[in-house]
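Okay, so here's the structure we're looking at.
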Amino acid sequence: MAESTNMRLRLPLLCIILEVILIILFGALVEYNDDTHAKLWNANKSHSATRDDYENEFYYRYPSFQDVHVMIFVGFGFLMTFLQRYGFSSVGFNFLIAAFSLQWATLMQGFFHGMHHGKIHVGVTSMINADFCTGSVLISFGAVLGKTSPVQLLVMAIFEVTLFAVNEFILLSMLGANDAGGSMTIHTFGAYFGLMVTRVLYRPNLDKSKHRNSSVYHSDLFAMIGTIYLWMFWPSFNSAITNYGDPQHRTALNTYYSLAACTLATFAFSALVNPEGKLDMVHIQNAALAGGVAVGTAGEMMLTPFGSMIVGFLAGTISVLGYKYLTPVLESKLKIQDTCGIHNLHGMPGVLGAVVGAVTSALASPGVYGDGLQRVFADAETGKWNPQSRGGFQAISLAVTLGMALFGGLVTGFILKLPIYGAPPDTHCFEDGLYWEVPGEEEGHELNEVATPNEMEKLNS
Amino acid sequence: MAESTNMRLRLPLLCIILEVILIILFGALVEYNDDTHAKLWNANKSHSATRDDYENEFYYRYPSFQDVHVMIFVGFGFLMTFLQRYGFSSVGFNFLIAAFSLQWATLMQGFFHGMHHGKIHVGVTSMINADFCTGSVLISFGAVLGKTSPVQLLVMAIFEVTLFAVNEFILLSMLGANDAGGSMTIHTFGAYFGLMVTRVLYRPNLDKSKHRNSSVYHSDLFAMIGTIYLWMFWPSFNSAITNYGDPQHRTALNTYYSLAACTLATFAFSALVNPEGKLDMVHIQNAALAGGVAVGTAGEMMLTPFGSMIVGFLAGTISVLGYKYLTPVLESKLKIQDTCGIHNLHGMPGVLGAVVGAVTSALASPGVYGDGLQRVFADAETGKWNPQSRGGFQAISLAVTLGMALFGGLVTGFILKLPIYGAPPDTHCFEDGLYWEVPGEEEGHELNEVATPNEMEKLNS
Amino acid sequence: MAESTNMRLRLPLLCIILEVILIILFGALVEYNDDTHAKLWNANKSHSATRDDYENEFYYRYPSFQDVHVMIFVGFGFLMTFLQRYGFSSVGFNFLIAAFSLQWATLMQGFFHGMHHGKIHVGVTSMINADFCTGSVLISFGAVLGKTSPVQLLVMAIFEVTLFAVNEFILLSMLGANDAGGSMTIHTFGAYFGLMVTRVLYRPNLDKSKHRNSSVYHSDLFAMIGTIYLWMFWPSFNSAITNYGDPQHRTALNTYYSLAACTLATFAFSALVNPEGKLDMVHIQNAALAGGVAVGTAGEMMLTPFGSMIVGFLAGTISVLGYKYLTPVLESKLKIQDTCGIHNLHGMPGVLGAVVGAVTSALASPGVYGDGLQRVFADAETGKWNPQSRGGFQAISLAVTLGMALFGGLVTGFILKLPIYGAPPDTHCFEDGLYWEVPGEEEGHELNEVATPNEMEKLNS
């Protein structure tokens, strides 16, 4: 007898308990930072009697924040609507777990690396960081898409956000790693965490739902909305929390070129791997974005435009090839059922990005960067600058991230396996109707009913 | 015999006359302000020989303006596409009346509270304010959606914009109220105005069109585009015209937290009120936004993040409960046919926002705000600061707004009842075909025609 | 025997060769500019020991860039999804040729008017300019939509981008023309280039595909996403590369009013030209945007708000009338098959914009502009200010643009006529299935399969 998928008590109870806990912890721990506090904004004068308005971090970060916000809610949400009967869940659960994760991330990130006298300070930078952490959860969501209940997703988010903050703390604060666009902290972490979760949740009989595990014409167009928004705003994503001035500007520029080159690679290899030379929407929707992932670490460095293009081209290539040749093997041999192919979009390109970042760090020199060196590499300021060890720490960061993600995914996977969350049965995966009121009639029927041409003519006469 | 719905003369005549009047009045009354005028930009020097570029208000306001603009045209427009056969009208009429209202609002708002030596000065701030006023009209549009001709909607806009400007003048200029995000001026006003209009336009036989008054699968996904854009950019909406610096930054932050908490409440109560625990798209599309409405007044104040979350959680809760339990009663007992449920999204949350604003104002003190007090409360600058009376004025403002909206909606409703506008008959409400050329064939037929696999194979060989 | 449309070798080969060439040329020629280079950012001090962060052009241009970027990829891409079976190609090929064009444009524009000691300097301004040039190619794409292979489109882009850069060089650098929003360089050029290409590619038997050359209900809604984004962000488009301060601010304002007036004209004339007074989606989707095109040159000048509204109203009017009366004649008499009607949206409004720009330039005076004259007209700085000759040069610029576009389109058209690109046969135009893997089943079939109400009930109990 299948477990009930009725959410009537489980989902409300979990949401309400979580929000109450969040509110209590925010009440106890969270405060406005200097740039959002009415009293402190001018109290901590920087260099003049009163601070000028343009000095508020809002004016440097908020446009980037909004672009990132669009990527999280529209980009990820609509990218996953490609399934024919899972659009409500894709956009809706994306919305739910993102709204939860950004609150929980504010606490966890603040707790691990943002405490000021026992308080967590918030402002636009914490908003961007919380959205970044949320992005990681949404990447993992892509691996289990269609096979999990909203309760499972929220539980996954609790653990993943927490571990994300720990990993981020180790990388950025302990190892001093550079990872402004999150090739490691966001993409590699989210991908391998999600892949491990979906491995543990392996469903041998998933082919009972395989007729629903595909797209229809219009669902692919909805998914393209997600793709295009992610693609367009990725320069803002990678540059959102770099230092002001040339690093932010350069990161956006590098990402722009990487993505453009990646897109050409994606179209090229999508046609090449198809016997009839036809393009595959799955590739265009996903692989064209790999160029943004792959410059997530090195984007702020002096990667040069043509370096960015080479990285983007490689990322698009391995991503398409991954969709075509690796994903089927992962499923058949390793029992990893990766609905959205996150391994191809976030996993491999994330690792590529980490490696590119390590190499570019190791090659950095004051001769190339001038006084900009310390705007990119924090420890250059301390005078202990050593590019080779910097490159080494970047490589160690990748290893730590992979370890944390795989271990965290393993534990979280087993927690999600408990038969208490109302997960969908194998026969009803990829189906909105389990958790949503879905409008009954199909449109075709309506069209014939609404009005005959004759009636219309009479009305308009 | 039903009134003709033919728009051939009525709509062009009205549009052209209105635009000619607008052009004449703009020619007579409207001038560039100091920040948009080639000559005045440097003539009125602020504190140095030439003003620096970054001092132009464009750089502080324009990104927010564009976010607001997206909310008005994409957010409102697509939110209303949920009806199965009213997508053209939802987006199209939204487009038309918004394009008219923003021009008319520039004149009315300028006339009532923006005259400089007999001229109305325009720049990015007037653009935001005009968009705000337009938002109010679009809220009212939600109540009458599917039951009005475009001519009726334009006539409604003429009156509503005018009254909006009067009410705004009373609140902001006479009562000195705070309402940066428009809980009162925009949401409460627009909602109760629209509800009164739809009450006067009550159609006892509307159930003749009820088979069209519902969604289909893809129309709900289009509506989610509207929802998500409104949700994402609401922080920009509430902060768009606050003072620079900490108030703008804080407002965006408070709104962000309020919306996140609201979303969890929405999912919780949507599942809870459904016998099978299924989520309802109507709730997700609408109630999740109530958190933005409810911090429209207090968002710029020191509401604190956890205060914002409490307000957002309450707003989401009452909004879902309103959709479930109050809307049917309003229709059956009070004869208010509220197509989009604006009472639940804008009405009650707007009133909640006004009350929260009054309370937060009454609790404000120099101890908490420091010198930021006068950046939030204009009369704190004059030294006559009295938080209790401030709270009182806020409460009076709510009462004035409700009175103006209900009275204005009543009068406008009766004007719209005249049988001269080509309103749809009861049998053809919620139907694009009355006012639009709708493509004839349904897609399914086409799919079989376009090309057989054999043909394709031959072509690609 | 029809030419094979198989893209398996042609498309990958072309994409890879082009990207390799791009990477090599970028490696040899492209460098970070002062605002994106780590070393140069502070090395070239402007007026103090270190430059302040807000002085980086990133903070003045990047929000506008992102708006323009959305117009290019979402705006143009979705605007063309109106065809019932060409959505994948519209968004997808738009994506491909835009990603290529922006890289190629960076080189061509840099080569013709941006070399510094033999190197092309890049930053956010070059990104905007590259997107602008790309827009021109996408306009031409609209004329040949549905009738070309992706290989043809890439070849067209190679030539069009190159010629665009030459024409832009002649106008801006040699004739000193003003054209910040590209009425001439982008819209007029792109439109007449594309019209000439489609003339040369004339297909006498295109009516074999005419049942596919129309919209369906949902495809029109997808197209409205494109329309609305273009409409909303056009103020950013026209102002993106004007001088800082009042010119940028004023341009956005003028464009906003022009578009609003244009929208009312569009609705008015769309209803007027229809025998039943019904609105036509083709007009709303396209003609409502003509107001942005028509102030592309004069938008930065002291056109005044009401002047902008008059121009916008005219543009909307001629655009609707063009769709109704001119397009059929162009096809039947001049054999110009213009799928999207770019002549009505970009051609005639572009010429109107050029004329308005010439007249407004000729009327400019220091009395009206004060010291702002030189922020709009570059040669006012040199003291040789002569408004009449300025107006004359603007008029010459239009003539040059028309000549370049028609000649370039003619040559390019003949190159594209070679039977080597896998163009679609007359019987299979406007059909995604030729170049894309299209999901096989239609949705209706699925809906009945997925789950019966009984099954659902059991699961939720």
Applied in sequence order to the stretch C:383-388, the curve 6.51 cos²θ - 1.76 cosθ + 1.60 (Karplus, θ = phi - 60°) yields integer Hz couplings, x standing for Gly and Pro, of x, 8, 5, 8, x, 5
Go ahead and run the numbers for FRET between A:Asn386 and A:Tyr325, Cβ-Cβ distance against an R0 of 60 Å, rounding to 0.05. 0.90
Measuring label to label, 7 Å along Cα→Cβ, what does C:Val368 give against each other copy in nm, shortest first? 5.2, 5.2
Kindly rank C:16-24, B:182-190 from highest to lowest mean number of other beta carbons found within 10 Å of each residue. B:182-190, C:16-24
Amide H to amide H, which residues 5 or more places from C:Val30 or on other chains are under 5 Å from it, using H placed in the peptide plane? C:Ile120
Residue-normalised value, i.e. accessible area per residue, for the stretch C:9-417 at 1.4 Å probe, in Å², stands at 26
So what does log10 I(q)/I(0) come out to for the stretch C:309-383 at q = 0.18, 0.19, 0.25 Å⁻¹, using the Debye formula with one equal point on every Cα and no solvent? -0.76, -0.80, -1.08
At 1.306 mPa s and 10 °C, plugging the Kirkwood radius over alpha-carbon pairs of the stretch B:154-220 into Stokes-Einstein gives what diffusion coefficient in µm²/s? 109
Can you list, shortest first in nanometers, how far B:Pro275 lies from the same residue in the other copies, with each label 7 Å from Cα toward Cβ? 5.2, 5.2
Cα-based Rg then Dmax for the stretch A:1-113, in Å, read 19.8, 73
Would any residue of the stretch B:381-399 have its amide N under 18 Å from a label point 7 Å out along Cα→Cβ of B:Val166? List them or say none. B:397-399
Can you list the HN-Hα couplings for the stretch C:54-67, worked out from phi with the Karplus curve (6.51, -1.76, 1.60; θ = phi - 60°), rounded to whole Hz and with x for Gly and Pro? 5, 6, 5, 4, 3, 6, 9, 10, 5, x, 5, 4, 5, 5
Where the convex hull is taken over the Cα atoms of the stretch B:9-417, what is its projected area averaged over directions, in nm²? 20.3
Cα-derived Rg over Rh, computed across the protein assembly as shown with Rh taken as Kirkwood radius: 0.93
In degrees rounded to 10, the 0-90 angle between helix C:87-113 Cα long axis and the longest Cα principal axis of chain C is 20
What is the extension gain from B:Ile396 to B:Ser4, computed as 0.36 nm multiplied by their sequence separation minus the C-alpha to C-alpha distance, in nm to one decimal? 136.6 nm
Under Karplus coefficients 6.51, -1.76 and 1.60, residue-wise ³J(HN,Hα) of the stretch B:355-363 in Hz, glycine/proline x: 5, 4, x, 5, 5, 5, 4, 5, 9
Counting other chain Cβ atoms within 10 Å of each Cβ in B:65-77 and taking the mean gives 4
Charge dipole magnitude, Cβ of K and R +1, D and E -1 - the stretch B:9-417, Cα centre, debye nearest 20: 1300
Dipole of the stretch C:9-417, positive direction: furthest Cα of C:Asn94, C:Leu314, C:Pro328, with charges on the beta-carbon: C:Pro328
Surface/4 of the Cα convex hull for the stretch B:74-145, nm²: 4.9
Separation in nanometres of the label points that stand 7 Å from Cα toward Cβ, at C:Ile17 and B:Ala378: 6.7
Output the 0 to 90 degree angle, nearest 10, between the alpha-carbon long axis of helix C:189-200 and the longest principal axis computed from the alpha carbons of chain C. 40
Farthest toward positive dipole pole in chain A [+1 Lys/Arg, -1 Asp/Glu at C-beta], among A:Tyr59, A:Asn243, A:Ile396: A:Ile396
Calculated label separations, A:Ile396, copies of the chain, 7 Å along the beta-carbon direction, nm: 6.7, 6.7
Please identify the longest segment of chain B free of exposed trypsin sites (Lys or Arg not before Pro), where exposed means a DSSP state other than H, G, I, E or B and no more than 11 other Cβ atoms within 10 Å. B:46-383
Volume of the Cα convex hull of the stretch B:337-439, divided per residue and given in Å³: 178
Please find the FRET efficiency linking C:Ser365 to C:Phe111, where r is the Cβ-Cβ separation and R0 is fixed at 51 Å, and quote it to the nearest 0.05. 0.85
Based on the Cβ-Cβ distance of C:Ser173 and B:Asp426, what FRET efficiency does E = 1/(1 + (r/R0)^6) give at R0 = 51 Å, to the nearest 0.05? 0.20
Per residue of C:220-232, what is the mean number of Cβ atoms on other protein chains within 10 angstrom of that residue's Cβ? 6
About the Cα centre of the protein assembly as shown, how large is the charge dipole given +1 on each Lys and Arg Cβ and -1 on each Asp and Glu Cβ? Please answer in debye to the nearest 20. 340
Contact order normalised by residue count of chain A, Cα under 8 Å, 6+ apart, percent: 23
Could you work out what % of the accessible surface of chain B is carbon and sulfur, using a 1.4 angstrom probe and leaving DNA, RNA and ligands out of the count? 64
Please label the shape of the stretch A:121-237 as rounded, prolate or oblate, based on the square roots a ≥ b ≥ c of the eigenvalues of the alpha-carbon gyration tensor (a/c under 1.5 means rounded; beyond that, a/b larger than b/c means prolate, else oblate). oblate
For the protein assembly as shown, give the share of DSSP beta bridges that are antiparallel, in percent and rounded to the nearest 5; count only bridges with both residues there. 45
What ranking, highest mean first, results for peptides C:291-304, C:148-161, B:160-173 when packing means the other Cβ atoms within 10 Å averaged over each residue? C:291-304, C:148-161, B:160-173
Work out the mean other chain Cβ neighbour count within 10 Å for the residues of C:278-290 and drop it here as an integer. 4
0 to 90° range, to nearest 10: angle between helix B:150-168 axis and chain B longest Cα axis: 20
What is the sum of charges, Lys and Arg at +1 and Asp and Glu at -1, for the other residues whose Cβ falls under 10 Å from the Cβ of C:His283? -1
Which log10 I(q)/I(0) values, to two decimals, does the stretch A:181-315 give at q = 0.20 Å⁻¹ under the Debye formula with one point per Cα? -1.16
Simple label model, 7 Å out from Cα along Cβ direction - B:Lys208 to B:Leu334, nm: 2.7
Would you check chain C for Lys pairs whose C-alpha atoms are within less than 14 Å, ignoring same-chain pairs closer than 8 in sequence, and give me the count? 4
With only helices counted (DSSP H, runs n ≥ 4, each -39500 (n - 2.57)), the per-residue ellipticity at 222 nm for chain B, to the nearest 500, works out to -19000 deg cm²/dmol
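The values are calculated or read from the model by the stated rules, or taken from the named source; none is laboratory data. Keep in mind the model is a prediction, meaning the values are calculated, not measured. Note: ideal-geometry Cβ built from the backbone for every residue, glycine included; neighbour counts use all protein chains shown. Protein only, heavy atoms only, side chains kept; ligands, DNA and RNA dropped before computing areas. Shrake-Rupley method; radii C 1.70, N 1.55, O 1.52, S 1.80 Å.
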